[in-house]
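To keep things clear, I will list the structure first and then write my remarks on it.
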Amino acid sequence: MSRLWIESLGLSHFRSHKRDSLSLDERPVALYGANGAGKTNILEAVSLLSPGRGIRRAGVDEIARQPEAVGWKVSAILHAPDRVHELETRAEHGANRVVFIDEKTAPQVALGRISRMVWLVPAMDRLWLEGADGRRRFLDRMTLSFEPSHAEVTLAYNKAMAERNRLLKDMVRDAMWYGALEERMAEAGSSIIANRTNALERLQAAMDKAETAFPVADLSIDGDLIAEKDSLLNALQESRPADLRAGRTLIGPHRADMSAIYRAKNLLAKQCSTGEQKALLLSLILANARALAEDFGAPPIMLLDEVAAHLDAERRAALYDEICALKTQAWMTGTGAELFAELGDRAQHFEVSEIEGTSQISPQNPL
């Protein structure tokens with residue numbers, strides 16, 4: 001199987017990093033240092049080499065290093081299954097983000113065609129306890145890893161729904177105003193449901209057949225699953241009176257939720273312990289990576305922020321073994337070098353520190 005990995009990463013005026021660079025090989029990357037040193041900023045920079053707003057979902061002006069506010073840039077050399085690519089994404093002060101692939105401008109979705117990424121960040125640790133919105137984003141991110149066009153159909157659906165919701169809030173009752181919007185919502189919505197369903201089936205299959213130290217979950221999508229376009233269109237039309245009373249669209253894929261049951265204990269994820277919930281999340285991420293390796297011909301790049309949190313030493317070692325077995329270039333952060341001791345020379349180790357408000361990256365030998 002081919003490998004997908006970043007050979008070099010360059011940062012310019014990116015959050016706490018004024019100018020930084022990393023030279024890398026195919027192995028996993030362990031980044032450690034004190035809280036606030038700039039470790040997660042590195043993972044965020046890598047995440048912007050994929051479609052979307054990255055691991056923090058930040059606006060372009062939030063990313064620029066302060067107080068300079070002169071814009072920012074992330075550049076990389078990426079080894080993909082087809083060839084080596086030069087990537088760059090940047091935003092000038094007050095301007096939109098732009099993407100370059102091999103020195104040519106490209107849409108963000110093109111990044112998803114040449115590479116794949118999956119990630120897990122601390123904000124996801126409460127995924128099973130909080131609202132459905134976060135779980136939908138989590139599901140859509142995994143779906144996007146399988147189907148890069150999922151971003152476009154989701155954007156089309158949300159845009160049409162926003163226009164429909166404005167009509168509903170203004171109590172517009174004339175059916176002709178709704179027809180084209182509902183047609184667009186039904187077309188995009190049926191694709192969203194099909195993409196999500198396919199992604200969940202791939203994840204379930206990858207978990208079921210894997211020999212892993214992490215728990216297996218039974219996954220499902222709850223809520224409105226009207227997958228056929230004409231049926232969804234009819235449902236939107238029939239729901240208009242109720243939607244007018246509510247002032248918003250009450251049916252559709254934007255109302256869906258994802259649930260998981262810890263199979264060994266037959267427990268809903270939200271009823272599991274903190275450690276079990278983290279292990280279930282890691283199980284999903286690992287399943288996502290295994291399934292993508294089959295589809296894409298190479299395992300995805302993994303971004304695992306504060307990955308050791310809530311994991312004991314045994315499960316941490318098991319995670320590192322699975323990452324190395326996958327042959328993925330996983331980028332991991334933690335507060336101390338000891339958290340990556342089990343990796344030894346199977347990974348590249350870097351210390352991230354902050355000196356007078358500027359982050360610095362220093363290569364280190366493993367413990």
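The values are calculated or read from the model by the stated rules, or taken from the named source; none is laboratory data. Note that the structure is predicted; figures quoted are calculated from it, not measured. Here the Cβ is made from the backbone with ideal geometry for all residues, glycine too, and neighbour counts use every protein chain on show. These accessible areas exclude ligands, DNA and RNA; they are computed on the full protein's heavy atoms, side chains included. Shrake-Rupley method; radii C 1.70, N 1.55, O 1.52, S 1.80 Å.
When only DSSP loop residues count, what GluC sites (Glu not before Pro) in region 33-97 have their Cβ near at most 16 other Cβ atoms within 10 Å?
Those satisfying the criteria are 68, 92.
If you bin the C-alpha pair distances of region 208-247 every 10 Å from 0, what whole percents do you get?
22, 28, 19, 16, 14, 1
Evaluate the Kirkwood expression for the hydrodynamic radius of region 1-95, namely the inverse of the mean inverse distance over all pairs of different C-alpha atoms, and round to one decimal in Å.
14.0 Å
Between residue 68 and residue 177, what FRET efficiency comes out of the Förster formula 1/(1 + (r/R0)^6) with R0 = 51 Å and r the beta carbon distance, rounded to 0.05?
0.60
For residue 313 and residue 263, what does the FRET efficiency come to when R0 = 41 Å and r is the distance between their Cβ atoms, rounded to the nearest 0.05?
0.95
Kindly express, to the nearest 10 degrees and within the range 0 to 90, the angle between helix 274-296's C-alpha long axis and the longest C-alpha principal axis of the chain.
Around 90 degrees separate the two axes.
How far apart, in nm, are the 7 Å Cα→Cβ label points at residue 335 and residue 92?
So the label points at residue 335 and residue 92 sit 4.3 nm apart.
Rounded to two decimal places and with Rh computed the Kirkwood way over Cα pairs, what is Rg over Rh for region 152-279?
Answer for region 152-279: 1.11.
Quick one: angle between helix 150-169 and the longest Cα principal axis of the chain, in degrees between 0 and 90, rounded to 10, please.
It is inclined by approximately 40 degrees.
Please compute the contact order of region 278-367 in relative form: average sequence separation of alpha-carbon pairs under 8 Å and at least six residues apart, divided by the residue count, as a percent.
Result for region 278-367 is 23 percent.
Over region 229-325, what is the mean sequence separation of C-alpha contacts under 8 Å (at least six apart), divided by residue count, expressed as relative contact order in percent?
Once normalised by length, the contact order is 14 percent.
Pairs to check: 209/265; 209/278; 278/327; 229/327. Give those whose C-alpha atoms are more than 29 Å from each other in this structure.
Table pairs above 29 Å Cα-Cα are 229/327.
Name the trypsin sites (Lys or Arg not before Pro) in region 50-137 that are in a loop by DSSP and that have at most 13 other C-beta atoms within 10 Å, would you?
57, 83
Restricting to Cα pairs below 8 Å that are 6+ residues apart, what does the relative contact order work out to for the chain? Please round to a whole percent.
It comes to 25 percent, rounded to a whole number.
Could you state the angle between the C-alpha long axis of helix 229-238 and the longest principal axis of the C-alpha atoms of the chain, as a value from 0 to 90 degrees rounded to the nearest 10?
So the helix axis and the longest Cα principal axis differ by about 60 degrees.
Just the Cα atoms of region 65-216, one point each, no solvent: what log10 I(q)/I(0) does Debye give at q = 0.12, 0.13 Å⁻¹?
Log-scaled intensity ratios, in q order: -0.79, -0.90.
Tell me the accessible surface of residue 254 in square angstrom (1.4 angstrom probe, heavy atoms of protein chains only), to the nearest ten.
That residue has around 40 Å² of solvent-accessible surface.
Over the Cα atoms of region 132-222, what radius of gyration and what Dmax do you get, in Å?
Cα only, region 132-222: 16.9, 58 Å (Rg, Dmax).
Apply 1/(1 + (r/R0)^6) to the Cβ-Cβ distance of residue 358 and residue 255, taking R0 = 41 Å, and write down the FRET efficiency to the nearest 0.05.
0.35
Take region 286-329, drop everything but the C-alpha atoms, weight them equally and run the Debye formula without solvent; then report log10 I(q)/I(0) at 0.25, 0.27 Å⁻¹ to two decimals.
-0.90, -0.99
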